[in-house]
Structures are given as structure tokens and as C-alpha cells.
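Inspection log for the structure reproduced underneath, given as C-alpha cells.
The values are calculated or read from the model by the stated rules, or taken from the named source; none is laboratory data. Keep in mind that what you see is a predicted model, and the values were worked out from it rather than measured. Note: ideal-geometry Cβ built from the backbone for every residue, glycine included; neighbour counts use all protein chains shown. The protein model used for the area step is the full one, side chains on, heavy atoms only, and it has no ligands, DNA or RNA in it. Shrake-Rupley method; radii C 1.70, N 1.55, O 1.52, S 1.80 Å.
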Amino acid sequence: MTSQIVFLSTLADSAEPAEFERFVMEEVLPLARALPSVVSYDVIRVEGFLEGREGLPHVQYVDIAEVSNASEYERDVTAALDGPAGVRFDKTWTGFVAEWVPLHGTVLD
């Protein structure tokens, strides 16, 4: 049985959405999709509410990953970010994102 990982992200006020999305396409997706525990990984730009609600949601991006095991995924991420390239990646990520909430769970079926 697979697990789902969800990240809810809000950009920093100084972050340019187009630059963040380029970083996602060029760096985040290739790295995430190459992790052994990842079955699928997508990033969604949140564009608004449903049901006629006014305003904009606090969350601007949602990452959804299907993984073979949440613990294995955490180990894979730690290993991928170990070393100078990982430090650079993490510094870039934290420069874009002001707040993020990581969640994991299992699909009910």
C-alpha cells in the first residue's frame, strides 16, 4: 500500500512566482521524481477557491507525492539533500518559500 505526501506552500513576499515555478520545473520535479520511494510527484499552482468563495487561499502551491513508504521517502530526501548540492537546493527552496506544511497519509478506498 502506498502513502501520500502533501506539502502546502506559501511563497515569501519577495519571491517571484515565475522564478519559483522555473525552479520547480528544473530542480524540484527531477529530484523528487528520481527518488527511489517516489511513485509520482506533482506540484499544483493554487488559483482560487471553489464554491464562489471570495479572495485567495493562503496556500499558493500544493505538492502531491505518491510514495511506496513515508519513512523511506524521508530517508531518500535526507540522502538526496546531503552534501553541497543539497545545501544549495535547500537554500534556494527556503529563499522562495515562507511557510510550508508537510503532511502524509493513506488513501481510503
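Values for this structure:
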item	result
For the range 18-68, accessible area per residue (1.4 Å probe, heavy atoms of protein chains only), Å²	66
Per-residue [θ]222 nm for the chain (sum of -39500 (n - 2.57) over DSSP H runs n ≥ 4, rounded to 500)	-9500 deg cm²/dmol
Rounded percent of accessible protein surface that carbon and sulfur make up, the chain, 1.4 Å probe	55
Dipole magnitude (debye, nearest 20) for the chain, charges at Cβ of Lys, Arg, Asp, Glu	180
Of I44, T94, A70, farthest towards positive along the dipole that unit charges on Lys, Arg, Asp, Glu beta carbons give the range 39-109	T94
Relative contact order (percent, whole number), the chain, Cα cutoff 8 Å, 6+ residue spacing	47
Inter-label distance, nm, simple model (7 Å from Cα along the C-beta direction), E54/H104	4.1
Which label in (1) 27; (2) 31; (3) 14 gives the computed percent of Cα pairs over 24 Å apart	(1)
